[in-house]
Amino acid sequence: MSSESSSSRIPEAVLARAPKVLLHDHLDGGLRPGTVAELAEQTGYQALPATDPVALGRWFRDAADSGSLVSYLETFAHTCGVMQTEEALVRVAAEAVEDLAADGVVYAEVRYAPELFVERGLSLDAVVEAVQAGFEEGERRVAAAGGRIRVGTLLCAMRQHARALEIAGLAVRYRDAGVVGFDIAGPEDGFPPTRNLDAFEFLRTNNAHFTIHAGEAFGLASIWEAIQHCGAERLGHGVRIVDDIKTDSDGTVHLGRLAAYVRDRRIPLEICPTSNVQTGAARSIGEHPIGLLARLRFRVTVNTDNRLMSGCSMTSEFAALAEAFGFGLADLEWFTINAMKSAFLDFDQRLDIINTVIKPGYAALR
Ligand SMILES: O=c1[nH]cnc2c1ncn2[C@@H]1O[C@H](CO)[C@@H](O)[C@H]1O
Ligand SMILES: [Zn+2]
């Protein structure tokens, strides 16, 4: 990590203004609590645990703070429950872009599983088109207000369903309409990524990009399969790679073969600190493996995962990490450039954002 790291606190306003890049953010995990309540009312969804936005926001955070990924994921029934119409999807997507821009995010890849929004008869294509219309509307509103953000879409397939090949096909069909990649999400334990080999082979054959949630609720075997059998370009979370790293009593660090491979190949880790504490993948922010992984110069990126369930933003994740590990602006710039390098966007466009937005943005803060 940078020698510029310092324990002097970075003011919140500076953190908020710092350019950020977000690679791992779930659309159905980032709704405004007030929007969940209003959409429930408008669409006749009756199972919400609370209707007051403040109480509802608190309910999501408490219920997700369960120590288990499976319980954490149960909270998504309510967000998906209110996202079953085109109007709702457009609104949620547009607001997500506004909220990310307000958080200082200049490039985001937002993901969701289209198969979760077909309960009331929408087709998968209609879902994708509604979300894209919402993202475009959000980008227009941000630009009109003098801001700047670019959003790419990742389509997820749910590990427990058997639709990965179909969703991979959807991702390739919409690749020129804003979809930049594919992912598998959902419960990890019991659903190894190799169940979806046909989908990953299809994507590779079509020169398409994908990441895989791995090494969150299950360990090294899941990471190994995701990389070596499936061909994942990035790892969603991937924090359990620390199980393959040993530190001697004198502080000497030994990387096992998988950890060394991940680091040598510069495989990006989409780390989501608060989410990991809630699902039990890390004990606390202070004990989160991101400190060790950053020190060892893995390609670490910082992400929100689910802003509603974790009550977080990129600014708050940066603040929590700066506080726990003494990261300075140079470290935050490093995370941001790592993320931009790892985006599923054309190389020239990644370079352009690094050189014209990120580097000058951090220089202006110093
Ligand atoms: O951290 C996570 N690990 C695994 N799956 C997740 C996580 N966060 C959200 N989802 C799942 O991804 C779906 C599509 O956005 C969500 O509906 C949720 O079930
Ligand atoms: Zn996730």
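The values are calculated or read from the model by the stated rules, or taken from the named source; none is laboratory data. As the structure is a prediction and not an experimental result, all values here were calculated from the model. Here Cβ is always computed from backbone atoms with ideal geometry, including for glycine, and neighbour counts include all displayed protein chains.
Data overview
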read-out: Residue check, Gly280 within 15 Å of ligand 1 (Cβ to nearest atom) and surrounded by fewer than 18 Cβ atoms within 10 Å (Cβ to Cβ); value: yes
read-out: Search result, residues across segment 210-261 that are buried (at least 22 other Cβ atoms within 10 Å of the Cβ), farther than 22 Å from Gln160 by Cβ and either free of Cβ contacts under 8 Å to residues at least 12 places away in the same chain or not β-branched (Val, Ile, Thr) (or both); value: Ala259
read-out: Near pairs, Cβ below 8 angstrom, 6+ apart or cross-chain, from segment 282-294 (more than 20 Å from Val262 (Cα to Cα)) to any residue that is of a type in the set (Val, Ile, Thr) and modelled with pLDDT under 95; value: none
read-out: Of all residues in segment 99-126 being among the aliphatic types (A, V, I, L, M) and under 21 Å from Phe344 (Cβ atoms), the one that is nearest to the chain's Cα centre (by Cα); value: Val110
read-out: Glu317 being at pLDDT 95 or above and part of a loop (DSSP other than H, G, I, E, B); value: no
read-out: Among the residues listed as Arg148, Arg159, Arg140, Arg195, the single one being touching a helix residue (DSSP H, G or I) at 6+ places or on another chain (Cβ under 9 Å), in contact (Cβ under 8 Å) with a residue 60 or more places away in the chain and among the basic types (Lys, Arg); value: Arg148
read-out: Enumeration of residues in segment 223-239 that are within 14 Å of ligand 2 (Cβ to nearest atom) and not aliphatic (A, V, I, L, M); value: Arg234, Gly236, His237, Gly238
read-out: Flag if Ala214 is closer than 29 Å to Glu129 by Cα, away from ligand 2 (no atom under 16 Å from the Cβ) and hydrophobic (A, V, I, L, M, F, W, C); value: no
read-out: Segment 185-239 - residue that is more than 19 Å from the chain's Cα centre (by Cα) and among the charged types (D, E, K, R) and, of those, modelled with the lowest pLDDT; value: Asp189
